[in-house]
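Below: one structure, written as structure tokens.
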Amino acid sequence: MNEERLVTQITPKSEDFSRWYVDLIRRAELADYAPMKGMMVIRPYGYAIWENIQRLLDRRIKASGHVNAYFPVFIPESFLRKEMEHLKGFAPEVAWVTHGGEDELEERLAVRPTSEAIIGHMYSRWIQSWRDLPVLINQWANVVRWEKVTRPFLRTTEFLWQEGHTAHETFEEAQEETLRVLEMYREFVETELAIPVIYGRKTDREKFAGAEATYAIEALMSDGKALQMGTSHNLGQHFARVFDIKFEDRNQKLQYVWQTSWGVSTRMIGALVMSHGDDSGLVFPPQVAPIQVIIVPISIGNWKESVLPVARKLKDSLQQAGYRVHLDDRAEYTPGWKFSEWEMRGVPLRLEIGPRDVKNNQVIAVRRDNKEKIALEMSGLEVRIGEMLTAIQKALFDRALAFQKENTREVESYEEFKRTIEEKRGFIRARWCGREECEAKVKEETMATIRVIPLNQDNLPSGRCVCCGQEATTLAYFARAY
RNA sequence: CGGGGAGUGGCGCAGCCUGGUUAGCGCGCCUGCCUUGGGAGCAGGAGGUCGUCGGUUCAAAUCCGAUCUCCCCGACCA
């Protein structure tokens, strides 16, 4: 039976990546379209991934000294207006509340596109002394951005995210925080999502509206396009000045705080789909998979008496051991159907148990990532399962890393740059003169943008800008992006 | 926001050009039997105001207008 026939309702990935992506999301019940433009419902199977992401990331956020809080979803228009760059950046995509019940509001309220403004306002009331610093607050929230083009998880009108907002005594401290968070994101995404990233600073053109500097992690999706997976901003004193966030420093001088903000969103779920998925469907890394182990009893003869009780015991013991495990005991589907179904849903490990296995005191384990099938002794199974899940997690990362390396290229000329972007996509590592004209020209002519400027430029080989041929000042990663 | 494509039982589609019985097909769903080690089979059954609103007409899924939504390709963004 070939792969295409197994998943008839999903467009093959190789045939049409975009359709494959949306087909899969709906068929696997990660999300469904809501009846309003650009909005989606995150269904239980998709939301479970978000809960895992929250749990694993929240742990890191707290371990690095941050605490959670919650700020209002509405922001007065005048607040947004205080930082003009910020307003200009977000104005086109802000949703406005104009009425409360029947009454028109005196001042429009923005549905937050991000929370710097409201949080800045509150910080100005909470911070008086250097003893109040740093303030290290994070919130898990929803935000709304009225995007023109939307795609499930990648860009939706409303999305879920976490946004960290910190205030510090010095620029250096804020910069340290910005980079510490960037590193936290990198480690989180690579460890838990098994997605290798590149990271660095954004160009001025690409930086956050109102930031001094923006840093980002970027990943390469399996169609060769880049996806920004998280950002960390050094806000300098821009917001502090307009929201009047002042403190008396150690020298009894009044000065503005130095701030950062940073976030990752439900876009990560889209990244998981596009990084690891294949023609058979989703492939989830065990660390965030809603179901890590699916048990399929082989329904033959008197399986309900002979196999099912053993399968139930197996499920209980694995659950006890801390795994997210599900037993598919439905009688109305054949084992073959279930195999395909759970592969499509991306469950990392399948355990088959039939009369033969019961007799031999074993189960058949099948890995989702490489379809490898092995028999496992019942005794000591909990440990073996753990080892296999670890191996799958690593294999997914290694595979994605190999893909990223294969698709990160250096080019000799602008002609080669253009041809590579057009034919192969992927990242291009190239020298750049640092001028915005070249950045704009490249974008205009190739649709590729500078994704990041690597932090470490020490080993910058001398050379010329890939675009204009002038002396290069930095190394940059270019790609077409989502 | 520009260019292109599309909305018909849950999903995928046909019918529309050339208006006219009761709107079809495949998958899925329900009931029963029989099956089940890689998406089984047979029989019976349920489910539709044809995206929405308006217009033309004796008559609209079909023609006209508006509107909403989705997909693809570009300009803007987590």
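Worth pointing out:
- Inter-part distance, region A:13-48 to region A:310-335, computed on C-alpha centroids, equals 27 Å.
- Principal-axis analysis of the Cα atoms of chain A puts helix A:267-276 at an angle of about 50° to the longest axis.
- The heavy atoms of A:Asp244 offer some 70 square angstrom of accessible surface to a 1.4 angstrom probe.
- FRET efficiency for the A:Glu332 to A:His99 pair, using the beta carbon distance and R₀ = 45 Å, is estimated at 0.35.
- Gain on full extension, evaluated as 0.36 nm per residue between A:Lys88 and A:Arg429 minus their Cα-Cα distance, stands at 119.6 nm.
- Accessible surface area normalised per residue over chain A is 45 Å², counting heavy atoms of protein chains with a 1.4 Å rolling probe.
- Carbon and sulfur %, accessible surface of region A:409-479 computed with the full protein complex present, 1.4 Å: 42 percent
- Chain A - percent relative contact order, Cα under 8 Å, separation 6 or more: 14 percent
- Across A:Arg350, A:Arg205, the residue with the most accessible area heads the list, and the full order at a 1.4 Å probe is A:Arg205, A:Arg350.
- Total formal charge among the other residues, if their Cβ is under 14 angstrom from that of A:Gly469, Lys/Arg +1 and Asp/Glu -1: -1
- Solvent-accessible surface (1.4 Å probe) assigned to A:Lys62 amounts to roughly 100 Å².
- Test item: Cα-centred dipole of chain A, Lys/Arg +1 and Asp/Glu -1 on Cβ, debye: 840 debye
- Cβ-based charge dipole, chain A, positive-most Cα from A:Gln255, A:Ile118, A:Ala481: A:Ala481
- Förster radius 30 Å - calculated FRET efficiency between A:Glu406 and A:Lys441 (Cβ-Cβ, nearest 0.05): 0.65
- Within region A:278-300: backbone nitrogen closer than 15 Å to the A:Arg312 label point (7 Å, Cα to C-beta): A:297
- Computed extension gain for A:Glu416 through A:Glu29, at 0.36 nm per residue and net of the alpha carbon distance, reaches 135.1 nm.
- Burial order of peptide ranges A:269-277, A:26-34, A:87-95 (average beta-carbon count within 10 Å, highest first): A:269-277, A:26-34, A:87-95
- For the set A:Glu305, A:Glu169, A:Glu106, A:Glu147, the ranking by accessible area, highest first and with no ligand, DNA or RNA atoms included, is A:Glu106, A:Glu305, A:Glu147, A:Glu169 under a 1.4 Å probe.
- A:Val67-A:Met36 FRET efficiency (beta carbon distance; Förster radius 45 Å; 0.05 resolution): 0.85
- Note on region A:105-193: with charges restricted to the Cβ of Lys and Arg (+1) and Asp and Glu (-1), its dipole about the Cα centre is near 500 debye.
- By accessible area with a 1.4 Å probe, ligands and nucleic acids excluded, highest first: order of A:Val347, A:Val22: A:Val22, A:Val347
- In this structure A:Arg180 has an accessible area near 110 Å², from a 1.4 Å probe over the protein heavy atoms.
- Theoretical gain in end-to-end length, A:Glu387 to A:Glu176 [0.36 nm per residue, Cα-Cα removed]: 72.3 nm
- About its Cα centre, the dipole of region A:409-479 is roughly 200 debye, where the only charges are +1 on Lys and Arg Cβ and -1 on Asp and Glu Cβ.
- Here region A:108-234 has 48 percent of its accessible surface on carbon and sulfur atoms, given a 1.4 Å probe and all protein chains in place.
The values are calculated or read from the model by the stated rules, or taken from the named source; none is laboratory data. It should be emphasised that the depicted structure is a prediction, and the values quoted were computed from it without experimental measurement. Neighbour counts are summed over all protein chains in view; Cβ atoms, including those assigned to glycine, are modelled from backbone coordinates with ideal geometry. Accessible surface areas use protein heavy atoms only, side chains included; no ligands, DNA or RNA. Shrake-Rupley method; radii C 1.70, N 1.55, O 1.52, S 1.80 Å.
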